[in-house]
Structures are given as C-alpha cells and as structure tokens.
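Engineer: Take a look at the following structure, please.
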Amino acid sequence: MLAVLGVSLTLTGCALRETVRLEADPGAVIEAAGIGRVVAEVETEEIYKNIVQVTDVMVVDVGTKGTSEAIAVANQRLSERGWRIVAPKGDFIHMESAKWDQISVWIESLKGLNGLADWVAEDPQIKKAKDVCRLRSDSCVLLSVIPYR
C-alpha cells in the first residue's frame, strides 16, 4: 500500500513540473539575421527549473569599419525594422519589438562577449567567425535572439 501511494505522489509531482520550451519565432530570427551577412550561427539551450530557453546566437557582418560603428549600424538596421532599445550599455544593446512578442535581441561587440556563457564564446564556429571579422576591420556584431516569458 505504501509503495502504491509513493508512486502516485511521484507521478503527481512529475505532472506538476511539465517542461516548457521557449523558442523565438523563426521570423524574428530571420529578421534579425537580415541586417547583414551571417558568418556563424549557434543555438544554445539553458534550463531554468522546468523551462528550456533556446537562444539563437549569430555573428553578423554589417560591413563597417570598427566595433563601435558595427554596433551603431546593427542598432540602426534593427530600429528600421521596428525594434526599439530597452537598455543601451556601450558595447551591448538590448532591443525588443512590438511585432515579435516576448522576444529580445541583444547586440554585442565580439570583443567582450559579455552576455554569453564561456562555452558559446569558445564554440569553434564562433571563434572562427571572430577571426574572420578581425580580418575585416571588426565589422561584425554578435546578435542573440532570446525568447522569454
């Protein structure tokens, strides 16, 4: 009798912790990628309790000369597509759009990679893209398309 009761409680507990997967609308990812030429792309999954958050991380060449100019151009191009700044912080800009509900875009310098986990910064595609961008006068930015709830 106790074993049956224990199984029932376990099953009830599992039912309460259903996993939720958050992914950005593919249209938002395409729109963000459209501000330049995608040099590298990687998808991350972070788990918070019962939520799996999938982030699309892209290195995008916007065709400028220098990191500051690249961030400014990325910001301008996203603004032209209806994205607005939520939080500017130097080499990092957080944007949202009324068109894409509960999705953020972060624009970052490739030099700092402030908002990324170390393993993403060390991803072979990202590292190779950083090298390619350095050869092009730092004309790239890191774009992260992040769903939230």
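Every read-out reported here was derived from the displayed coordinates using simple, explicitly stated rules and does not represent laboratory data. Note that the coordinates shown come from a computational prediction; the quantities given were computed from them, not determined experimentally. Virtual Cβ from ideal backbone geometry, glycine too; neighbours counted across all protein chains shown.
Engineer: Using R₀ = 25 Å, calculate the FRET efficiency as 1/(1 + (r/R₀)^6) where r is the Cβ-Cβ separation of Arg37 and Gln125; round to 0.05.
Structural biologist: After rounding, the FRET efficiency stands at 0.95.
Engineer: Could you pull out every residue, at least 5 positions away or on a different chain, whose amide H is within less than 5 Å of the one on Asp25? Hs are placed 1.01 Å off N in the peptide plane, and Pro or chain starts have none.
Structural biologist: Long-range HN contacts for Asp25: none found.
Engineer: Still on this model: Could you pull the Cα extents of the range 19-147 along its three principal axes, largest to smallest, in whole Å?
Structural biologist: 43, 32, 24
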